[in-house]
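This report refers to the structure that appears directly beneath it.
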Amino acid sequence: MQDNIKLEIKLPKVQDIELVALEGLELMSSHLGIDEEKNGEARILVTEAIINGLEHSGKETPYVTVEFTMTKEKLVILVTDYGKGFIPDEVKEPAIEEKINAENKRGWGLKLMKSMSDDFIIESGKNGTKITLTKHLV
Amino acid sequence: MISDFNLISEIKNNSLVMATEGYINNNGGQKITEEFYDKKNDDINKVILNLEKTKVVNSIGISFLIEIIEKLNESGGKLVFTNLDPSIDKTFTIMGLFHFAKKADSIEEALTME
């Protein structure tokens, strides 16, 4: 059995396209016998990373590239968009107390990715943003 | 896989019980919110959201649920989540939703909650 699986896909900005990546994740997890609870958390990470990337991808480059590298021990998720980038340190961390009664209730993606992953790296510049997430699976 | 979203609802003991099936994204979140506004009346102060058949959510879909929590809190009501997948439970915990909403293991437990 192959114990190190890699999946690379390019996803266009289409409604629910993140489900294509989740389908791949499910197959890889099943193949390696990954625990359902860890797999569930990986689903959340993959979903948030992709919708965040597509949201920032821009009109000229409406797609993201996604790479998964999975072993029985860990999953590394790399999502790259080619938008105009942003300064991560300037993104205010959301708080539920502020979101209740606020008009804008969104903006949770980075917080979820940071909190649910075991390692979170974000590199952003004028040519795009790369997010690398590591999730331990045991 | 999980792209279709279905929602059924009923009134039980003056509570609005909604059960979802599938992905709660912006469309799923919007459908839940529309059902809430359609069925909520002055006699209902508890809304139970049964997520037993939902295995994936995203933060955009959850932002619609925050709107429901907000509206219920304004009227002295409460949102109770039931049958949460562990990953969704963890997601809601990270976001702090349980500071303003409750969770129960089953609809029956949710119905008897104060």
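Where a number appears in this text, it was derived from the coordinates with a stated rule and is not lab data. Owing to the predicted nature of the structure, the values given are computational and were not obtained by experimental measurement. As a convention, Cβ positions derive from the backbone with ideal geometry for all residues, glycine included, and neighbour counts pool all protein chains shown.
A few remarks follow.
- Residues in region A:1-49 that are of a type in the set (Val, Ile, Thr) and assigned to a loop (DSSP other than H, G, I, E, B): A:Val14, A:Ile17, A:Ile34.
- B:Met95 vs. criteria touching a strand residue (DSSP E or B) at 6+ places or on another chain (Cβ under 7 Å) and either at the interface with chain A (Cβ under 9 Å from one of its Cβ atoms) or among the hydrophobic types (A, V, I, L, M, F, W, C) (or both): no
- Listed here are the helices (runs of 4 or more DSSP H) enclosed by chain B that have at least 1 residues being in contact (Cβ under 8 Å) with a residue 60 or more places away in the chain and either of a type in the set (S, T, N, Q) or surrounded by 20 or more Cβ atoms within 10 Å (Cβ to Cβ) (or both): B:107-112.
- Close pairs (9 angstrom Cβ cut-off, 6 or more residues apart or separate chains): at the interface with chain B (Cβ under 7 Å from one of its Cβ atoms) in region A:95-107, assigned to a helix (DSSP H, G or I) and of a type in the set (Phe, Trp, Tyr) anywhere: A:Lys105/B:Phe64
- Residue within region A:39-46 that is facing chain B (nearest Cβ under 8 Å), surrounded by 13 or more Cβ atoms within 10 Å (Cβ to Cβ) and of a type in the set (Lys, Arg) present: yes
- Number of the exception - A:Met113 against (1) closer than 22 Å to A:Asn39 by Cα; (2) more than 13 Å from chain B (Cβ to nearest Cβ): (2)
- Only listed residue being crowded, with 16+ Cβ neighbours inside 10 Å, within 14 Å of chain B (Cβ to nearest Cβ) and more than 19 Å from B:Pro86 (Cα to Cα), chosen from A:Leu54, A:Leu32: A:Leu54
- Checking each residue in region A:79-138 for being within 19 Å of B:Ile62 (Cβ to Cβ), of a type in the set (Val, Ile, Thr) and surrounded by 17 or more Cβ atoms within 10 Å (Cβ to Cβ) picks out A:Ile96, A:Ile100.
- Residues satisfying the stated conditions in region B:72-102, i.e. closer than 18 Å to B:Ser9 by Cα and charged (D, E, K, R): B:Lys78
Yes or no, residue by residue, for (1) touching a helix residue (DSSP H, G or I) at 6+ places or on another chain (Cβ under 6 Å); (2) among the aliphatic types (A, V, I, L, M):
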residue	(1), (2)
B:Glu70	no, no
B:Gly76	no, no
B:Leu79	yes, yes
B:Asn83	no, no
B:Lys90	no, no
B:Phe100	yes, no
B:Leu111	no, yes
